[in-house]
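See below for the structure under consideration.
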């Protein structure tokens, strides 16, 4: 069995793009996963053809442009992306970016009181070695917080937490579409952007190899609220840490 090379390309796509190229070209060349919905079928249109399994209770709803994935809190509300061999991330130096549109219900004071300490993932590539040890990355929610987690194979963790603590709960995340972008530069930091604006960062140079799972799972995992739901649209992964201009271009492109 051959050992996968991190982000190796077999279709003449080079992740080491020229930063002087047109931003649209850079975004296209560096896309290694791009979930799209056509004729009610979720598929990867990046050109790498990762396979997608959609479980019965993963619903489709109106999205930012077309239809979006709608997940409720039960075991069969799930979408699994089995990554193509060419995009397996299995190294400690490769940079990457995750982007998607997210819509969640407004978090009330009573909800925070009852469920505010419950953290549950909505998108995850964590590879489980045991019940307590894993490696990879995840996007999770906790109360009215959005959390990005990176964990290396030794169990070392880095997190970014966006605390949406304004006078009105969920000023950003309250039942409306917001654009999430998370860049990861292994030689410096992870950065979390909302609607193109930097909201948080964490230094990640101390992390070792991240041996993530072959699958990316979109699911409400470990959520205690039976009525919870989220909607996710335009989920993409890039094989570089996008810069602010590229993020702005990506964000505005969905309105054109």
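The values are calculated or read from the model by the stated rules, or taken from the named source; none is laboratory data. These figures come from a predicted structure and were not determined experimentally. Cβ: placed from backbone, ideal geometry, glycine included. Neighbour counts: every protein chain shown.
A few comments on the model shown:
- So residue 193, is it in contact with a helix residue (DSSP H, G or I) (Cβ under 7 Å, 6 or more places away or on another chain) and either at pLDDT 95 or above or closer than 30 Å to residue 154 by Cβ (or both): yes
- The residue of the range 60-76 that is surrounded by the most Cβ atoms within 10 Å (Cβ to Cβ), among those that are in contact with a strand residue (DSSP E or B) (Cβ under 6 Å, 6 or more places away or on another chain) and under 15 Å from residue 227 (Cα atoms), is 71.
- Extreme residue, modelled with the lowest pLDDT, among residues of the range 56-66 that are outside any strand (DSSP E or B) and under 20 Å from residue 103 (Cβ atoms): 65
- Qualifying residue in the range 77-100 (condition: at pLDDT below 95, more than 23 Å from residue 240 (Cα to Cα) and surrounded by 14 or more Cβ atoms within 10 Å (Cβ to Cβ)): no
- Taken together, the residues in the range 169-186 that are modelled with pLDDT under 90 and buried (at least 21 other Cβ atoms within 10 Å of the Cβ) amount to 1.
- Residue 207 being closer than 17 Å to residue 241 by Cα and modelled with pLDDT under 95: yes
- Restricting the range 156-168 to residues that are surrounded by fewer than 18 Cβ atoms within 10 Å (Cβ to Cβ) and modelled with pLDDT of 90 or more leaves a set whose member that is nearest to residue 110 (Cα to Cα) is 161.
- Restricted to the range 198-242, and to residues there that are touching a helix residue (DSSP H, G or I) at 6+ places or on another chain (Cβ under 9 Å) and in a strand (DSSP E or B), the residue that is surrounded by the fewest Cβ atoms within 10 Å (Cβ to Cβ) is 198.
- Note on the range 21-45: residues that are under 18 Å from the mean Cα position of the chain (by Cα) and either outside any loop (DSSP other than H, G, I, E, B) or closer than 22 Å to residue 244 by Cα (or both) amount to 13.
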